[in-house]
């Protein structure tokens, strides 16, 4: 007798261990071959009181019962192929896509001592932390149970965590600064009662996210001016007590979207597959397997270049560098709270990236076409588009001086003007003289690079 | 409401000094208290600290003087009180051999193996080790002696394989560690452990720690630069990604800046066509003028940081092209580095750039060379890999030495693990493959802080287990930090309630036997 050989060509399994070997005195019928290994095992388990059964044994018994004892199960089981087909049909297209299935067997994991792959200790099954509410009793500990537990009104976390993230998005810092961690290792809330109140409001509104955002942006605390004085800065440099309105650098996607929107380039189409806009060469190749199906980045053209940034294709090993530079996460570990840094590399993106230069040209065209010939009018229009107010006199003066210098420069060097306007794939407005458009492109780029533009 | 004892956000926070705990613990708390205050993660704090990370305090101070700006948060760096003691090395260059070079084909000479060709490695050597899925199913573990002869070199008579004729010439300068060992057996966790001290993603790498702790030594270039070697498609290239030079929970300013071979060495560095330096200057002046108005109007100190960043960007636009302009390198450079060094993206080219960065005060340079993952056709691939790297490595060390830079530069050569003495797949008279091996692998260091001309640690007859003086990855990293003047136990960053450090929670030790 040979054990552990799948077929004669292969090596036998080395160091294999066997849990159960049974010898029978006669040849078994095919039915018995199918049944006996389970029946004998089940009989052994049943000989012990059920209170002593392990989870695995429970599982074995229910398997055996359903497959070999319970006739109604067989009836239901026969329907499965038809139902599966129907499910397949339903999941083709449509608004809902099933992305995961509950695994049929018991889910478990081993605790690894210090994460060492060979140091297995205890075997554990899914459950909630002991200091939080229990899962509903008598139901399997699966995704459904987790989902129901998550949105149960008795769960103290979900509503608080959710409203805190909304707050974080609007105010730049959460009421609990560590939006990812409400435990003892996280920060304490700066305004615990407000957090409680918002959480209850969220629950009672029927988990209405739009309602919460509206509530927050219409609050007097949010509508405060961003201006701060030295006293405020000295007492509360991080504005944790919200003595003035929020002011912080916009997130990567938001910045790119602002550039696209303000320049009239934005394509507002909703949904559809991800797109591959401009990206410097050799970003993917540097990090990929030679056989990777995302070895080469093939940039798309036309509308794909101007979709909102949430539609940008992201390869986890090499996220789009213009967004990576602005602290967009790599997506290899969970991130609920981004860093917010200011670096010279960011200045290089907003000054030199094709997308931004093209946006500057688009913005220039908009104001040249739409605001008449007067420089001050055009500057005011740009300011209105980007900053939602007229340009204050000193700002306008600086920009006017700049546009005059640039116009002189590009009039003397039409080749340079032409080269600058060739950047980007969107056709430029040929009705505007090249030196003029080039000069205004530079001024638009200046506007796009202002601290006030880049900050929310 | 009852305060958590460690809460520092409240007006009168309780501190451990108020708790009924031993006096020693209170003293320790008092000692690190100042540092804790710096550890916020808000943009307001980071603006200036970040700047310091990328371009050094000098740059900020110079700028701040001109602009009459008070630099405040660089105090954070002073709060770290780094370096902890006088460093032997001011900068480091890490030559990372990704994939796992086979130690017994390069440095770990095992003359007895030739007689055991194709014999099964005794089970007792392997013990109860769990192998990778690639060889766990093998019925036999046939010993594959190295295909290449070894010879003794230098005054020290160090054995080196004929695969490394150039490295062999500098053995008297090297500190060879035969007993480096790791916890991980597959690339991703192993390469993460090697670089970040932890198998899981999300932790800062060595370079980020150094950028955070020591800051920059120059005004015009990043503190931590990563150079990737162009891949050879014939080699088995495991992917590497920016998480290896990421900053984890430290501010992302401390992440490595990738320097690319080609027209744009730093992404988006070049001005758009049609924009010359005068236009750019004019543009920056206008932007700054308006930003100053904003600063007065709104009063956000971050605006100051942004003004400075734009100036730094302008300076980088000339300093980086200067860095990679090799036209003024004398013929002696090319004689030393070889013709490969003229090709951007080659390992030799990157070695030359690493020397130029060392001269210009870049704190930490890491060169990645992929392709060492020789599961099969080791006899075909190793000569290629060695030919690509050996001369560049030798040239870099020699060049640094000639210029007097090796005294305060630590050069590190390492992969993420070693390879098995037994052959993966078929063993023939002419060829073999080698699987991953975490229990021992050879690395070396040279330069500031380490003892030249020694071989540290001993492995067994099969280069399989450590017999004497193991050097765990954590110890390896602790030793690197030591050479740079950092006590790895004191160099921590509070995150998720822990004082995180490069050498992770398991105790690590500076390997005294490696130190000069």
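Nothing in this text is a laboratory measurement; each read-out follows from the coordinates by a stated rule. Model, not experiment: these values are computed from the prediction. All Cβ positions, glycine included, derive from the backbone under ideal geometry; neighbour counts span all protein chains shown.
Quick notes
- 0 to 90° range, to nearest 10: angle between helix A:375-387 axis and chain A longest Cα axis: 20
- Normalised by the number of residues in the range A:309-395, the average gap of Cα pairs under 8 Å and 6 or more apart makes the relative contact order 14 percent.
- For A:106, B:295, B:259, B:206, the sequence from fewest to most other C-beta atoms within 10 Å is A:106, B:295, B:259, B:206.
- Here the contact order of the range B:183-315, divided by its residue count and restricted to Cα pairs under 8 Å and six or more residues apart, works out to 20 percent.
- Here the range B:478-503 and the range A:355-408 have alpha carbon centers that stand 51 Å from each other.
- Note: relative contact order over the range B:86-199, using C-alpha pairs below 8 Å and six or more positions apart, is 24 percent.
- With R₀ set to 30 Å, the beta-carbon distance separating residue B:117 from residue B:162 gives a calculated FRET efficiency near 0.95.
- Rounded tilt (10° steps) of A:393-412 against the dominant C-alpha axis of chain A: 80
- The alpha carbon centroids of the range A:282-334 and the range A:32-75 are separated by 51 Å.
- Range of Cα positions in chain A per principal axis (Å), largest first: 104, 59, 44
- Chain A: angle of helix A:158-171 to the longest principal axis, Cα-based, in degrees nearest 10: 20
- Separation in nanometres of the label points that stand 7 Å from Cα toward Cβ, at residue A:456 and residue B:490: 4.0
- Using the Cβ-Cβ distance between residue A:412 and residue B:327 with R0 = 30 Å, the FRET efficiency computed as 1/(1 + (r/R0)^6) comes to roughly 0.45.
- The range B:113-155 and the range B:326-371 have Cα centres separated by 36 Å.
- Across peptide A:280-290, the mean count of Cβ atoms from other chains lying within 10 Å of each residue's own Cβ comes to 6.
- If you sort the three axes of the alpha carbon gyration tensor as a ≥ b ≥ c, you get a/c of 1.5 or more for the range A:223-286 and a/b above b/c, which makes it prolate.
- Simple spin-label estimate for residue B:217 and residue B:136 gives 4.6 nm between the two label positions (7 Å along the Cα-to-Cβ direction from each Cα).
- Order of B:342, A:214 - criterion: other Cβ atoms within 10 Å of each residue's Cβ, fewest first: A:214, B:342
- Calculated mean residue ellipticity, 222 nm, the protein assembly as shown: -12000 deg cm²/dmol, from DSSP H runs (n ≥ 4) at -39500 (n - 2.57) each, averaged per residue and rounded to 500.
- Residues A:144, B:250, ranked from the fewest to the most other C-beta atoms within 10 Å, line up as A:144, B:250.
- The alpha carbon gyration tensor of the protein assembly as shown gives principal lengths a ≥ b ≥ c with a/c of 1.5 or higher and a/b no greater than b/c, which makes the shape oblate.
- The range A:408-456 shape via C-alpha gyration tensor axes, a/c threshold 1.5: prolate
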